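Step one of this worksheet: look at the structure below.
The values are calculated or read from the model by the stated rules, or taken from the named source; none is laboratory data. Fair warning: this is a prediction, and the values are worked out from it, not measured in the lab. We place every Cβ from the backbone using ideal geometry, glycine too, and count neighbours over all the protein chains shown.
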Amino acid sequence: MGFFSIFNKESILYFPGSITYFRYKENFELYKKIFSKLGIDFILFDKNISSGLESWELGYQAVARDFVKKNLDSFSKAGIKKIITTSPGDYMFFSQRYSEILPRWDIKTLNIWEMILERLRKKPGLIKNPADEIITYHDCCYMGRYSGIYDEPREILKLLGYQIKEMDNFRENSFCCGSCGGLMFSNLSLANKIARERILQAKRIGVKKIIVSSMDNYDLMKKNIGDTNIEIIELSQILANSLGIKFLEIEEKIEGEEVLLDLEN
């Protein structure tokens, strides 16, 4: 067919999400290697397709519905039965909104964070570089408030050796970082203000690193670090380091863009 870049019998599609696929391709490569290391089988489309979430949030519901219909047709034609995604927003949209928009939607969205946790528990020997430091974790609104996923990322970090010091607002009462709900498109100034406040909340409890499980969170918060000396780290970077996935800083061109790829192990 020339439709896939990777095949396997289970037909589980890895859907990275637009920001990961287009803007943070190094993290896209990291997640693929992390899945392979953990024994998580997946297939990829040759080209990324939007879930339609951004259109939906910005009020272009007709456009979003068109994405949903086209995606179901494409996925069904390709034999996709299940989806994994490292985008909390797309996870929420696939698992909660797709069946509301299109009742014939019958593809299951798997909790990739739960899958990663299960494999780390079964094979702790995969952890080559255990950590020993105190960090804080930011709850993405799409993962937390919308999807009820609070424990899995925290348990992953604990297994990797991290001690989590919670900010004053966390889990169900977490403070938004400003990247969800289309706010960055409708009111970037407000989104930046919210992100800066979230970063200052981490600084007030005396930690130096905020771990996030969303490239959208990572993108906005990293731009608002300022002079706080707080480091924003996305989960793929943490996992790769702990699993012993080494980095070779070799420039590669992917679809005409130069990025640093993980080419070892």
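Of note:
Residue-wise test of (1) over 26 Å from Gly244 (Cβ atoms); (2) within 17 Å of the chain's Cα centre (by Cα).
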| site | (1), (2) |
| --- | --- |
| Ser87 | no, yes |
| Ser99 | yes, no |
| Arg104 | yes, no |
| Ile112 | no, yes |
| Lys122 | no, no |
| Gly125 | no, no |
| Ala131 | no, no |
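- Residues of the stretch 85-111 that turn out to be surrounded by fewer than 17 Cβ atoms within 10 Å (Cβ to Cβ), assigned to a helix (DSSP H, G or I) and touching a residue at least 24 places away in the same chain (Cβ under 8 Å), as a count: 1
- Sole residue being out of contact with any Phe, Trp or Tyr (no Cβ under 6 Å at 6 or more places or on another chain), under 17 Å from Gln237 (Cα atoms) and aliphatic (A, V, I, L, M), chosen from Leu117, Leu183: Leu117
- The conditions of being under 18 Å from Ser236 (Cβ atoms) and either under 16 Å from the mean Cα position of the chain (by Cα) or not assigned by TED's automatic domain parsing to the domain that holds Lys25 (or both) are met by Asp139.
- Applying the criterion of at least 3 residues that are touching a Pro at 6+ places or on another chain (Cβ under 8 Å) to the helices (runs of 4 or more DSSP H) found wholly in the stretch 112-196 leaves an empty list.
- Summed over the stretch 197-211, residues that are outside any helix (DSSP H, G or I), touching a Lys or Arg at 6+ places or on another chain (Cβ under 9 Å) and on the phi < 0 side of the Ramachandran plot total 3.
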